[in-house]
Amino acid sequence: QDMKGIGAVHYYALKSLKDAGIRPRRTVHLLVVPDEEVGGFKGTKLLVQSDEFKKLNIDTVVDEGVASGDEGLLLLKLTERRPIQIEVTAKGQLAHGSHLTCHNATHYLVDFLGHLVGLHKQSQYTAQELQPGLLPSYNITSLTAGSTATLNVVPAWAKATVDIRIPPSMSLQEVIEDLNVSIKKHPSLTYTIKAMATEKSIEGLEKSLLYAKLEKACLKNGLKVIPHHFEASSDLRFYHALGIEGIGLTPFTCHENLHGTNESVPIKDLIRGRNIFIELLKSL
C-alpha cells in the first residue's frame, strides 16, 4: 500500500500511454528516491537542491497519499505535519531504592513527559472533530533508565525520545518555545533536537487547477474525493518549499494498512489506479 503499490500504478499508467503512442507536451518524470521513511533528509531534500533537478523544470508533483478505506472515495493529500524528534535527558543521583528524598532522575523525566502526554491527549480529544493532520501530537518513542537487574538502585540518569508532529497551523518556533518553558521547570533536564523538518506545506491547494484535474480523473472512474490533511510526513513538503504545487494521491480504496501485516493492494485498485493516472496525465 505504500510506495511499491503506487510505483507500480505510476509505471503501469506511463507504459499504457507510451504503448498507445501518446506524446505529452511536457516530459513526465517518475522519481524513485530513497530515505523518505527516515525524513527524506538524504533523499528528496538533497535531490531538489541539485542542478540535475533544476534542469527538469518541474511544474507539478503528484506524491503519495493514503488509502481511503472507503469504496466510494479517495483522499487527496493537501498538507502534512512536520516532525520534530527530540531526546530528553534527566540527571539525578545514584542512590539506594529505599531513600525517600533521593534525586531520582526518572521521576524528573516522568514529570516532564506528563506535560507532553497531556498535550497529546488534548489533540486526541479534538480529533473527534478535526482530522489528525490538523492537530499536534507528542508520542514518546523510547524510555531508558537504570537496569532491570538492580531493582533497588535509583539510576543517576534517564532518557526518552519523543516524536512530535506539527500541523501547518503551528510554527516550529511555537513548539520549541513551549518545550523551553516546560523544561525550565525541571533544572535537571536537557533536550536535544535529533531531527526537524523546517519545510512547510502550501495551503489552499484545494482551489488549485491540479486539485480540480485530480478530482475530475477520480470522478470519471466512479470515485468522489475529499481533501485530506496527512498526519505523517512525506517528501511532498520539499517540493512545496520550492513553491511547486503538489498533491498526494494513493488511488486505493482498501483499508489503510501501511507497513502492516499482510500489507497488500487488491488487483482492482491497481487497475483503477492506473486508469485514474492515465486520465490525469492526458488532462495535464
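The values are calculated or read from the model by the stated rules, or taken from the named source; none is laboratory data. Keep in mind it's a predicted model, so treat the numbers as computed, not measured. Here the Cβ is made from the backbone with ideal geometry for all residues, glycine too, and neighbour counts use every protein chain on show. Accessible surface is based on the protein model in full, side chains and every heavy atom, while ligands, DNA and RNA are left aside. Shrake-Rupley method; radii C 1.70, N 1.55, O 1.52, S 1.80 Å.
So here's what we get for this one:
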quantity: Residue within the range 221-237 that is basic (Lys, Arg) and open to solvent by 20 Å² or more (accessible area, probe 1.4 Å) present; calculated: yes
quantity: Residues of the range 172-191 classified as open to solvent by 40 Å² or more (accessible area, probe 1.4 Å) and either in a strand (DSSP E or B) or on the phi > 0 side of the Ramachandran plot (or both), total; calculated: 2
quantity: Filter result for GLY92 (crowded, with 22+ Cβ neighbours inside 10 Å and at negative phi); calculated: no
quantity: SER147 being assigned to a loop (DSSP other than H, G, I, E, B), open to solvent by 50 Å² or more (accessible area, probe 1.4 Å) and either under 30 Å from GLU245 (Cα atoms) or touching a residue at least 40 places away in the same chain (Cβ under 8 Å) (or both); calculated: no
quantity: Evaluation of ALA67 against (1) of a type outside the set (Lys, Arg); (2) out of contact with any Gly (no Cβ under 8 Å at 6 or more places or on another chain); (3) closer than 30 Å to LEU219 by Cβ; (4) open to solvent by 30 Å² or more (accessible area, probe 1.4 Å) (one fails), failing number; calculated: (4)
quantity: SER169 open to solvent by 60 Å² or more (accessible area, probe 1.4 Å), among the hydroxyl-bearing types (Ser, Thr, Tyr), out of contact with any Pro (no Cβ under 8 Å at 6 or more places or on another chain) and closer than 16 Å to HIS229 by Cβ; calculated: yes
quantity: Within the range 34-50, considering residues that are assigned to a loop (DSSP other than H, G, I, E, B) and of a type outside the set (D, E, K, R), the one surrounded by the most Cβ atoms within 10 Å (Cβ to Cβ); calculated: GLY40
quantity: Residues of the range 192-211 satisfying the condition of being open to solvent by 80 Å² or more (accessible area, probe 1.4 Å) and free of Cβ contacts under 8 Å to residues at least 40 places away in the same chain; calculated: LYS207, LEU209
quantity: Flag for PHE53 being aromatic (Phe, Trp, Tyr), more than 22 Å from PRO251 (Cα to Cα) and in a loop (DSSP other than H, G, I, E, B); calculated: no
